[in-house]
Amino acid sequence: MPANGQVRWGIIGTANIARAVFLPGLRQAGGEASAVAGRDADRAAKFASDNGIGRSVVGYQTLIDDPDIDALYIPLPNALHAEWTIRALEAGKPVLCEKPLCGVLPDTERVLATARRTQTLLWEAFSFPFHAQLAELKRLVADGAIGELVEIKSNFHFMVRSQANIRLSRELQGGALLDVGCYPVRLAQELFGPDHESAWARARAGGDGVDVDTWGVLGYSGGRRLMFSCGFGRSYDTFTTLEGTSGQIHVTNPFHPGPDDSYQVVRPGDEQGPVPAAPDELSFTPLTGHIDAVLRGEQAPRLLAVDTSLPTAQALSDLAEAIWA
Ligand SMILES: NC(=O)c1ccc[n+]([C@@H]2O[C@H](COP(=O)([O-])OP(=O)(O)OC[C@H]3O[C@@H](n4cnc5c(N)ncnc54)[C@H](OP(=O)(O)O)[C@@H]3O)[C@@H](O)[C@H]2O)c1
């Protein structure tokens with residue numbers, strides 16, 4: 001890393017999420033992207049100049065091998081996460097890979113084994129576990145604010161209009177469960193723990209043979225459960241309820257809280273006002289700020305993929321099996 005301590009990020013692929021979410025969060029956290037790699041020279045150069053990135057290179061391996069890059073962000077289609085994350089880890093470069101870490105369980109296991117063997121830092125880009133809002137929700141639940149948490153009801157829907165969207169491609173491991181269903185699944189892991197006992201799901205198929213409207217249940221010990229609904233055919237909806245034995249917490253957006261989002265504790269006879277979720281903080285700011293601090297040696301790593309990603313991948317695999325069996 002350079003003497004000024006600035007982590008030099010490289011972005012693999014000219015992805016929409018890199019432009020719209022990763023870069024604004026990284027910059028708000030004080031970080032900077034040094035280069036972007038693309039499969040096509042003109043597209044990569046335009047992406048760099050449109051988004052204030054210093055330079056572009058052709059070919060993902062070129063960026064992985066670049067000695068002036070300290071960390072890699074991998075926002076490729078799901079089916080490519082394993083190959084390029086493994087290549088980056090083998091080169092000893094810390095990686096932030098987009099969620100889900102991989103589209104199928106054996107790939108997740110290979111990636112995690114590589115991270116362990118190479119002792120290279122790897123994070124899966126779920127940003128919400130780094131948010132103050134999730135810490136506050138966990139504290140409320142632990143303090144018994146709603147009694148015992150017994151059920152999570154969670155939605156993640158948005159509209160996909162273009163048939164060319166990677167989310168509608170079976171080959172690229174699209175589908176609603178992997179793309180957005182992974183969020184309620186990870187939320188349940190955060191609140192119920194890593195071990196589900198049962199998985200049931202159904203879906204409507206669309207696009208190129210992927211699930212586009214999906215609903216299901218993950219069961220946990222003692223009858224606790226996640227009931228989720230996700231898809232590509234409704235307007236944006238991330239509304240989530242944490243149901244306890246003596247009350248509820250309504251959360252407008254547990255996953256990407258913005259300025260208009262809030263959570264609210266609702267108990268019979270004791271209704272409190274909504275609490276703003278994240279007044280000034282962008283979705284990726286705490287996550288990217290943490291990684292930069294780790295790479296500068298200022299923080300110990302938290303929520304690494306080797307510690308968190310397998311239960312999510314196992315649950316997604318079990319739900320997918322229930323859908324397609
Ligand atoms: N954490 C979050 O909040 C969040 C939000 C949205 C999406 N995501 C995740 O981010 C990843 C990318 O999503 P996105 O919506 O940003 O995708 P996107 O805009 O379609 O970008 C994907 C990029 O991958 C590269 N690519 C390589 N091979 C490709 C192929 N065969 N087909 C299409 N693109 C290919 C392309 O860059 P070049 O051709 O220029 O190399 C393309 O720009 C997914 O894993 C998704 O689940 C995460």
Pairs returned, first residue in the range 1-18 that is of a type in the set (Ser, Thr, Tyr), second residue that is surrounded by 15 or more Cβ atoms within 10 Å (Cβ to Cβ) and not in a helix (DSSP H, G or I), beta-carbon separation under 7 angstrom, 6 or more apart or interchain, are THR14/VAL36; THR14/GLY38
Across the range 280-308, the tally of residues that are assigned to a helix (DSSP H, G or I) and over 22 Å from ILE69 (Cα atoms) stands at 3
Flagged pairs (Cβ under 6 angstrom, 6 or more apart or on separate chains; first in the range 87-112, touching a residue at least 40 places away in the same chain (Cβ under 8 Å); second of a type in the set (Ser, Thr, Tyr) and more than 15 Å from the ligand (Cβ to nearest atom)) are LEU105/SER317
Among PRO268, PRO286, the single one that is open to solvent by 50 Å² or more (accessible area, probe 1.4 Å) and either of a type outside the set (A, V, I, L, M) or modelled with pLDDT of 95 or more (or both) is PRO268
The residue that is nearest to SER309 (Cα to Cα), considering only those in the range 114-131 that are outside any loop (DSSP other than H, G, I, E, B) and within 12 Å of the ligand (Cβ to nearest atom), is GLU124
Check your understanding: Condition test on ALA199, is it more than 27 Å from GLY25 (Cβ to Cβ), in a strand (DSSP E or B) and open to solvent by 50 Å² or more (accessible area, probe 1.4 Å)?
Key -> no
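Condition test on ALA205, is it in a loop (DSSP other than H, G, I, E, B) and among the small types (Gly, Ala, Ser)?
The answer is no for ALA205.
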Of the listed residues (VAL58, VAL95, VAL104, VAL111), the one being of a type in the set (Val, Ile, Thr), within 30 Å of GLU321 (Cα to Cα) and open to solvent by 10 Å² or more (accessible area, probe 1.4 Å) is VAL104
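The values are calculated or read from the model by the stated rules, or taken from the named source; none is laboratory data. Just so it is clear, the structure is predicted and the values come from calculations on it, not from any experiment. Cβ atoms come from the backbone with ideal geometry, glycine included; neighbour counts cover every protein chain shown. Just so you know, the surface numbers come from the protein's heavy atoms only, side chains and all, with ligands and any DNA or RNA stripped out. Shrake-Rupley method; radii C 1.70, N 1.55, O 1.52, S 1.80 Å.
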